[in-house]
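The values are calculated or read from the model by the stated rules, or taken from the named source; none is laboratory data. Computed from a prediction, not measured in an experiment: that's the story for all the values here. When we count neighbours, we look across all protein chains shown, and the Cβ atoms used for this are built from the backbone with ideal geometry, even at glycine. Just so you know, the surface numbers come from the protein's heavy atoms only, side chains and all, with ligands and any DNA or RNA stripped out. Shrake-Rupley method; radii C 1.70, N 1.55, O 1.52, S 1.80 Å.
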Amino acid sequence: MIIALNNKSNLEKEEFKKYLEELKTVETTETLILCPTFLNISMVSNSNIKLGSQNVSVSDNGAYTGEISASQLKSYQVEYAIVGHSERREYQRETNEEINKKIKQLFKNDITPILCIGETLEERKQNKVNKVLEEELTIATRDLTEEEKKRLIIAYEPIWSIGTGVIPTNEQIEEVFQEIKRLVPASYILYGGSANEENIDQLKQIPSINGYLLGGLSLKVDKLKVFIEKLH
Ligand code: PGA
């Protein structure tokens, strides 16, 4: 299983140093992927974790002030990158077309994309879940080779679950996972959105889940340990 830790815009330098020490005490055979802020990436030297970023530029190196390219990430041993997180789609107005460009940049530099998709509560109420996911997946994976599509990691994150403490029913998650599998031959499909050490007992009943993308829980190492223990 993959357990991806999305720190979002949290942890200043000294806090992050302490956090890394705590993370060293996490014992697991699962694949732990830490996605800190860009500034904190170079501080990670934990042998029990792989490195991911939370975003990437649509462009190569060049005159793009404030951007960080996939080849730069690669030079810092970054192996994974979250793309299309709903917070970026909402606050940075990130489009599926841009996400597609980012995914291509990542593959060009041998970094595995973790593509986030998910519907709003409004879209779910209007029975538009499949339509939204299909549009997100189709445009984001446009012109990728079959091999690249297989290498993709998809994170299903219902927007109404992120940071709210509310999670979908197992049936709702299973239904979406089947739809994703119908559309893309991705190697891993993760669940993200308020997954925690309490609801993992429910979530782990879903056989299709290949791992989790954790936001809030990524910052609480004690609870993260409980979560990981309960996975087994
Ligand atoms: P959450 O965030 O676990 O705090 O809901 C998940 C995410 O946004 O990736």
*Lone unmet requirement of (1) in contact (Cβ under 8 Å) with a residue 60 or more places away in the chain; (2) closer than 25 Å to residue 132 by Cβ; (3) open to solvent by 20 Å² or more (accessible area, probe 1.4 Å) for residue 231*: (2)
*Answer yes if at least one residue in region 187-210 is out of contact with any Phe, Trp or Tyr (no Cβ under 9 Å at 6 or more places or on another chain), in contact (Cβ under 8 Å) with a residue 24 or more places away in the chain and within 9 Å of the ligand (Cβ to nearest atom), and no otherwise.*
yes
*If you go through region 118-129 one residue at a time, do you hit one that is under 18 Å from the mean Cα position of the chain (by Cα) and buried (at least 17 other Cβ atoms within 10 Å of the Cβ)?*
yes
*asked:* Name the residue that is farthest from residue 4 (Cα to Cα), counting only residues in region 137-157 that are open to solvent by 20 Å² or more (accessible area, probe 1.4 Å) and among the acidic types (Asp, Glu).
replied: 143
*Look through 176, 129, 166, 184 and report the one residue that is touching an Asp or Glu at 6+ places or on another chain (Cβ under 7 Å) and within 23 Å of residue 204 (Cα to Cα).*
129
*Give the residues of region 7-18 that are open to solvent by 10 Å² or more (accessible area, probe 1.4 Å) and in contact (Cβ under 8 Å) with a residue 24 or more places away in the chain, sorted by residue number.*
8, 9, 10, 11, 13, 17
*Pick out the one residue from 89, 93 that is crowded, with 19+ Cβ neighbours inside 10 Å and free of Cβ contacts under 8 Å to residues at least 40 places away in the same chain.*
89
*Inspect all residues belonging to region 14-29 and state whether any of them is under 18 Å from residue 231 (Cβ atoms), under 13 Å from the mean Cα position of the chain (by Cα) and not hydroxyl-bearing (Ser, Thr, Tyr).*
no
_Looking only at region 50-64, and only at residues there that are open to solvent by 20 Å² or more (accessible area, probe 1.4 Å) and aliphatic (A, V, I, L, M), the one that is nearest to the chain's Cα centre (by Cα)_ = 58
